[in-house]
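A short write-up of the structure that comes next.
Read-outs: derived from the displayed coordinates by stated rules, not from any lab. Please read all numbers here as calculations on a predicted model, not as lab measurements. Positions of Cβ are generated from backbone atoms using ideal geometry, with glycine treated the same way; all protein chains shown enter the neighbour counts.
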Amino acid sequence: MPSQLVKEKLVQYFNEALAMENAAADRIQSRIGETPVEQAKQQLQYHLEQTIQQQDRLKDIITNLGCSPTGAKASLPKLAPMTMDTISNTVKEAAKSTTSEEDRKVMDAEKELIRTKEDAIIENAEIVSYKMLVEIAGKAGLSETVPALQQSLQEETAMANFILGNTPLVLTTLWPKLEAPATTKATQA
């Protein structure tokens, strides 16, 4: 068993991962309701079930170390506008969307593309976290926790692979909505 100081640090790492899973569960639930891509919706539902299991695994590890699992939720990575031009364009587009159904569809499609990229970023952050936890647990002599952590790592990797593999379908589904205003403007000219 690791020293008290090492154990406290390990619990901190496990609770950080749990806080990420707590936030991810909320995000996945909202994504299920907002994505227009049926295959993504189904995969997100499946991954929500996995995320709940991942939370349970982390809670078990923390409890077995004699500590309390956190109920906190981490701040997940998010794409944000980088320049004033981007912010200005977003505001202009949002203002247009209140007057035009077509513009609203474009904004919804763009939002889905951004959210899909955020999903991939989050899954890859979770992959890094679990890889580190597997290594740390092994070095700290907590070999009994490694299989649970590896299971979570495999699930996160599968979800990241789904997002990447599903990108062509997402684009095929959303592209007509993104292209429609350009087509309409071209025929009006």
Give me the number: length gained by fully extending Thr172 to Glu34, i.e. 0.36 nm times residue separation minus the C-alpha to C-alpha distance, one decimal in nm. 48.0 nm
Local electrostatic count at Leu44 - Lys and Arg +1, Asp and Glu -1, tallied over other residues with Cβ under 12 Å: -1
For Asp56 paired with Glu135, estimate the spin-label separation in nm (one decimal), with each label point 7 Å from Cα along the Cα-to-Cβ line. 3.0 nm
The extension gain from Leu79 to Gln12, computed as 0.36 nm times the residue separation minus the Cα-Cα distance, is 21.5 nm
